[in-house]
Amino acid sequence: PGQKKVLKARPGITDPASIVYRHENEILARKSDPEAYYRRVIMPRKLRLNLNYLKSRNVCTDVKIVTKTIGKIL
């Protein structure tokens with residue numbers, strides 16, 4: 001149900017999970033079974049981050065997320 005809620009939301013250019021897991025490929029590369037680790041650890045955490053975002057999203061929150069994303073890129 002949580003995944004469906006996130007998938008039904010209109011996508012944006014960034015989100016909290018994208019910031020936290022911006023080095024996801026590097027994390028997974030260090031795991032002996034990256035697919036299992038993704039399903040067991042990363043996916044539930046990303047889902048939780050996105051559901052929390054959907055509960056509290058507003059223009060101010062979106063500006064903060066975009067600003068934080070730009071800061072991580074630079």
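Between a residue in region 17-33 that is among the basic types (Lys, Arg) and any residue that is not in a loop (DSSP other than H, G, I, E, B), which pairs come within a Cβ distance under 8 Å, given they are 6 or more apart or on different chains?
Between residues of region 17-33 that are among the basic types (Lys, Arg) and residues that are not in a loop (DSSP other than H, G, I, E, B), the close pairs are Arg22/Lys72; Lys31/Tyr37.
Any idea which residue in region 1-48 is farthest from the chain's Cα centre (by Cα), counting only those that are of a type in the set (S, T, N, Q) and more than 20 Å from Thr67 (Cβ to Cβ)?
If we take residues in region 1-48 being of a type in the set (S, T, N, Q) and more than 20 Å from Thr67 (Cβ to Cβ), then Ser32 is farthest from the chain's Cα centre (by Cα).
Residues in region 1-40 that are part of a helix (DSSP H, G or I) and either charged (D, E, K, R) or surrounded by fewer than 14 Cβ atoms within 10 Å (Cβ to Cβ) (or both): how many?
Final tally of qualifying residues: 14.
Is it true that Thr69 is surrounded by 10 or more Cβ atoms within 10 Å (Cβ to Cβ), within 15 Å of the chain's Cα centre (by Cα) and not in a helix (DSSP H, G or I)?
No; evaluated as a whole, the condition is false for this residue.
No value in this document is a laboratory result; all are computed from the given coordinates. Everything numeric here is computed off the predicted structure, so don't read it as measured data. Ideal geometry is used to build each Cβ from the backbone, glycine not excepted, and the neighbour counts take in all protein chains shown.
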